[in-house]
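Quick one: structure below, then a few questions.
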Amino acid sequence: MDDNEFFKTVDSSSSKKRAKIGFFRGVFVPFVSGILGTSLVLVLYLKMPVFKDKLSDVLKIKNTSNSVVETTSNNNTPNLIEPVENTNLVSLENYSDTSIYTANKVLPSIVGITVEYTINSPYYGYSMQSTASATGSGVIISEDGYILTNNHVVNTSATSSFYQVSQANKITVKLFNDENTYEAKIIGTDETTDLAVIKIDKNNLPAAILGDSDSIRVGEFSMAVGNPLGMESTVTAGIISASNRTITSEGKSYTVIQTDAAINSGNSGGALVNSKGEVIGINTLKLSGTGVEGIGFAIPINSTKDIYEQLISDGKVKRPFIGISGRNIDEQTAKKYKLVEGVYVVSVEEFSSAEKAGIKQYDIITEIDGKAIKTMDELNEIKNTHKIGDKVNLKVYRDDDYKDIEITLGEQP
């Protein structure tokens, strides 16, 4: 036998021994261990109730299909959290169906409004005129053509040292799925509430269904419908962010509905709608700027009803009137000038209720109907709860003394 054959024999023998050892370690031992382990688990499961309960809990967690996975900040190891019982999952299909239903129900009642006006610009002593247009939205409130919108959509008063904008020369309306345009006329406007009513000569229109804005809840579904940036029949969805938000715009205070549904230029006068397709507000403005997103506002529909009814019947809103212009005196100003907090009377209009009752310039009104006031807004808020012809009592500070004066409210010119 030569050396090569010897080595082959040795190698062959060693391989056989290693194969036997490998089989014993790799197959036989794990197999037997598995049988013994399974037998032990079964004995413990059947004989020991505590172990049985623990094993059941482990199996239950491992078989849970909707476990929540959290990622830790240290090692990104997922931690399983047992789901809360009786949790109702949101169906995206149902949410989509709600949006589709709402849009289809309200869209026929929303119109696009285009306003044409003239801009007068001074140029080296000459007046240069140009024609411009703006767009907005409106809500059909009657089958015979009355449309509710914002005052600032159809009755602009924007002026500056460089230009002056005339009132609307022409107002046209486009209906949903209608290629025609209809000329509209202004029925009435109200700057105080930023509401207006226009009318087109057409019947059998799909009037919007008005909801109850007093019953809305924060967090409920909302949809804004209108013509932002001239894009007709646009819908955006969100939630009600606040139901009675007080905001101030251009020196006027409004109580509004806040929503995160996208509202952009051209949405003004359109509808804010609930999940039933009912109009709960008239979109009026949004906050914009760096770091601001998803903050839009709508006038509650309940507060518009008396306004648009008066606009249709009288062309204006009749409000009680005192007849003064005033300035707020805050605590700091009062201390500085040794006065009292309240409304400082800057001027009194001739032949007004204030003049007839004896209110004088430099008086400070501190109370109305027994309620302390510190601002013109507070004075007007209480005054506007009354009707024309009602009597109200004012407490006035004059010459280091207080006087009670009764006023009969007149009608605002």
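Since every read-out is calculated from the coordinates, none of them should be taken as a lab result. The structure displayed is predicted, hence computed values, not measured ones. Cβ coordinates were reconstructed from backbone atoms using ideal geometry, including for glycine residues, and neighbour counts include every protein chain displayed.
Listed highest first by mean packing, meaning other Cβ atoms within 10 Å per residue, what order do 365-375, 329-339 come in? Show your work: numbers first, answer last.
On the way: 365-375: 16.9, 329-339: 12.2.
Packing proxy ranking, top to bottom: 365-375, 329-339.
Distance check, please: which entries in K105/K286; K252/K338; K338/K360; K336/K356 exceed 22 angstrom between their Cα atoms? Provide the component values of the computation, followed by the final result.
Values: K105/K286 25 Å; K252/K338 29 Å; K338/K360 19 Å; K336/K356 32 Å.
Among K105/K286; K252/K338; K338/K360; K336/K356, the Cα-Cα distance tops 22 Å for K105/K286; K252/K338; K336/K356.
Placing +1 on the Cβ of each Lys and Arg and -1 on the Cβ of each Asp and Glu in the range 213-314, which of G296, G219, L272 has its Cα farthest towards the positive end of the resulting dipole?
Checking the options against the dipole of the range 213-314, the answer is G219.
So, one more: In whole Hz, with x marking every Gly and Pro, tabulate ³J(HN,Hα) for the range 221-238 from phi via Karplus 6.51 cos²θ - 1.76 cosθ + 1.60, θ = phi - 60°.
The phi angles translate into 4, 9, 9, 9, 10, x, 10, x, 6, x, 8, 5, 6, 9, 10, 9, 10, x Hz.
Which number do you get for Rg(Cα) / (2.2 N^0.38 Å) in the range 95-200?
1.30
What is the dipole size for the range 95-200, taken about its Cα centre, with +1 at each Lys and Arg Cβ and -1 at each Asp and Glu Cβ, in debye to the nearest 20? Could the numbers behind the result be given before it?
Working: 5 positive and 10 negative charges, 42 e Å.
With Lys and Arg at +1 and Asp and Glu at -1, about 200 debye.
Sticking with this structure for a sec: If you take the beta carbon distance between K170 and S253 as r and set R0 to 56 Å, what does 1/(1 + (r/R0)^6) give as a FRET efficiency, to the nearest 0.05? It would help to have the intermediate numbers written out before the result.
On the way: r = 32 Å, r/R0 = 0.58.
Result of the calculation: an efficiency of 0.95.
For the range 178-188, just list the computed ³J(HN,Hα) in residue order, Karplus coefficients 6.51, -1.76 and 1.60, θ = phi - 60°, integers in Hz, with x standing in for Gly and Pro.
9, 6, 6, 10, 10, 6, 10, 10, 7, 8, x
Let me ask something else about it. To the nearest 20 Debye, how big is the dipole of the range 181-311 about its Cα centre, given +1 on the beta carbon of each Lys and Arg and -1 on that of each Asp and Glu? Write down the numbers at each step before the final one.
Numbers: 9 positive and 15 negative charges, 21 e Å.
It comes to approximately 100 debye.
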